[in-house]
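The structure under discussion appears below in the form of structure tokens.
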Amino acid sequence: MYDKETLKTKKRYDRFAGFYDGMEVLVEKRLFKRLRKSTISKLAGNILEIGVGTGKNLPYYNSKAKVTGIDLSPKMLERAREKSRKLNLKIKLLEMDAQKLKFKDNTFDYVVGSFVLCSIPGPVKALKEIKRVVKPKGKIIFIEHVLSKHKLIALLEHLHNPITSRLFGFNMNRDTRKNILSSGIHIETDEQLAFFDVFRRFICKPESMHDKGVKDNG
Ligand SMILES: C[S@@+](CC[C@H](N)C(=O)[O-])C[C@H]1O[C@@H](n2cnc3c(N)ncnc32)[C@H](O)[C@@H]1O
């Protein structure tokens with residue numbers, strides 16, 4: 001059902017699910033919580049969250065958001081279900097591969113993801129699927145850590161990558177901006193959030209300038 005790399009990622013996150021929230025507790029409190037809240041809390045309509053994980057974004061959706069969360073890992077999803085029950089939320093949580101979404105074209109007003117394009121084995125494949133399922137006037141929003149343009153930081157990211165990818169399933173050195181553009185998605189804003197240029201928020205539209213026959217110099 002899954003290819004080799006996707007299966008490996010699924011197994012890694014299944015193993016990791018019990019520790020995930022605990023491991024990020026400090027950075028969550030100091031930084032991620034604020035980023036999640038400012039990204040998620042104003043969204044309304046039919047929303048797909050990809051790689052919902054343990055459900056860390058769930059507390060920040062407002063009552064006008066009709067949310068479907070998908071993830072590859074059933075163990076991560078178990079944690080998300082627990083959070084959703086405790087918060088009394090009506091959120092659909094489904095096991096699904098972002099690289100093969102089981103939704104019809106033009107279904108969602110928003111597709112969102114946090115710290116997920118670093119984990120998906122085929123990020124461009126997933127981005128093409130995201131582009132397919134978001135409505136033409138919808139938005140695609142990501143908070144991600146990406147490959148830095150600063151040589152020293154980029155070197156550290158390259159050096160640490162074999163450890164983080166093998167142990168925890170995420171890559172520190174992905175050029176996410178390039179991946180978004182290669183999937184044909186148009187980046188409206190690319191905002192620097194924290195730690196020099198590493199943590200970023202991308203707000204995107206599904207229709208790229210290529211679709212309109214305009215040259216993209218981004
Ligand atoms: C680093 S965690 C981030 C979780 C959550 N978004 C957060 O902000 O804490 C990455 C998540 O992406 C999920 N994931 C990785 N590859 C995926 C895929 N192909 N389809 C769906 N989810 C995937 C993992 O199972 C994991 O839960």
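Laboratory data are not the source of any read-out in this text; all were calculated from the coordinates shown. These numbers come from a predicted model, not from an experiment. Reconstructed Cβ throughout: ideal geometry from the backbone, glycine too, with neighbour counts over all protein chains shown.
So the values come out like this:
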{"read-out": "Top of Val27, Val116, Val124 by mean-square fluctuation, Gaussian network on the chain, Cα under 10 Å", "value": "Val27"}
{"read-out": "Equivalent ellipsoid, segment 1-100 (semi-axes from 5 times Cα gyration tensor eigenvalues, Å)", "value": "22, 17, 12"}
{"read-out": "Computed Rg/Rh of segment 31-75, alpha carbon atoms with Kirkwood Rh", "value": "0.96"}
{"read-out": "Rg in Å to one decimal, and Dmax rounded to a whole Å, for the chain via C-alpha atoms", "value": "16.4, 49"}
{"read-out": "Alpha-carbon gyration tensor eigenvalues x 5, square-rooted, for segment 132-174, Å", "value": "28, 14, 6"}
{"read-out": "Whether segment 77-190 is rounded, prolate or oblate, judged on the alpha carbon gyration tensor where a/c under 1.5 counts as rounded", "value": "oblate"}
{"read-out": "Relative contact order (%) - the chain, alpha-carbon pairs under 8 angstrom, separation at least six", "value": "17"}
{"read-out": "Coil-residue trypsin sites (Lys or Arg not before Pro) of segment 1-94, DSSP, other Cβ within 10 Å capped at 12", "value": "Lys42, Lys64, Lys90"}
{"read-out": "Residue of Phe168, Phe115, Phe195 that the Gaussian network model of the chain assigns the largest fluctuation, springs spanning Cα pairs under 10 Å", "value": "Phe195"}
{"read-out": "Burial ordering of Cys204, Cys118, fewest other beta-carbon atoms within 10 Å first", "value": "Cys118, Cys204"}
